[in-house]
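A.B. asks: If you scroll down you'll find the structure; I have some questions about it.
The values are calculated or read from the model by the stated rules, or taken from the named source; none is laboratory data. Just so you know, these numbers come straight off a predicted model, no measurement behind them. Every residue, glycine as well, gets a Cβ built from its backbone with ideal geometry; the counts of neighbours run over all protein chains shown. Just the protein is used for accessible areas: all its heavy atoms, side chains included, with ligands, DNA and RNA removed. Shrake-Rupley method; radii C 1.70, N 1.55, O 1.52, S 1.80 Å.
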Amino acid sequence: MVDKPVEKEEIGEVTHYFTDISVGVIELSGTLKLGDQISIEGATTDLQQEVGSMQIEHEDVTEAGPGDAVGMKVKDRVREGDIVYKIEE
């Protein structure tokens with residue numbers, strides 16, 4: 001059985017990471033919604049997860065778009081400059 005190639009769309013960049021609470025701040029260049037699958041990739045980062053919650057200025061949001069800076073709980077360390085991709089199955 002051949003796996004279907006995974007489509008990825010670049011939607012943002014990590015601008016900050018809060019170590020104590022495992023939250024990454026992502027400056028978006030595309031649209032992101034709760035439930036989306038994302039991949040965060042960088043020199044030493046390779047993380048895939050579902051978007052479980054997002055905040056803008058400490059307010060919960062279900063969707064964010066270009067120009068928004070969202071805070072998101074991440075399951076592993078991410079670094080400034082890491083690229084965020086939305087995975088299209």
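A.B. asks: So, with a 1.4 angstrom probe, what is the percent of accessible area on region 7-88 that is carbon and sulfur?
C.D. replies: 44
A.B. asks: Under a Cβ-only charge scheme (Lys and Arg +1, Asp and Glu -1), can you give me the dipole magnitude of the chain about the Cα centre, in debye to the nearest 20?
C.D. replies: Here the size comes out at about 200 debye.
A.B. asks: Could you provide, to the nearest whole Å², the per residue accessible area of region 7-88 with probe 1.4 Å?
C.D. replies: Ligands and nucleic acids excluded, the figure is 56 Å² per residue.
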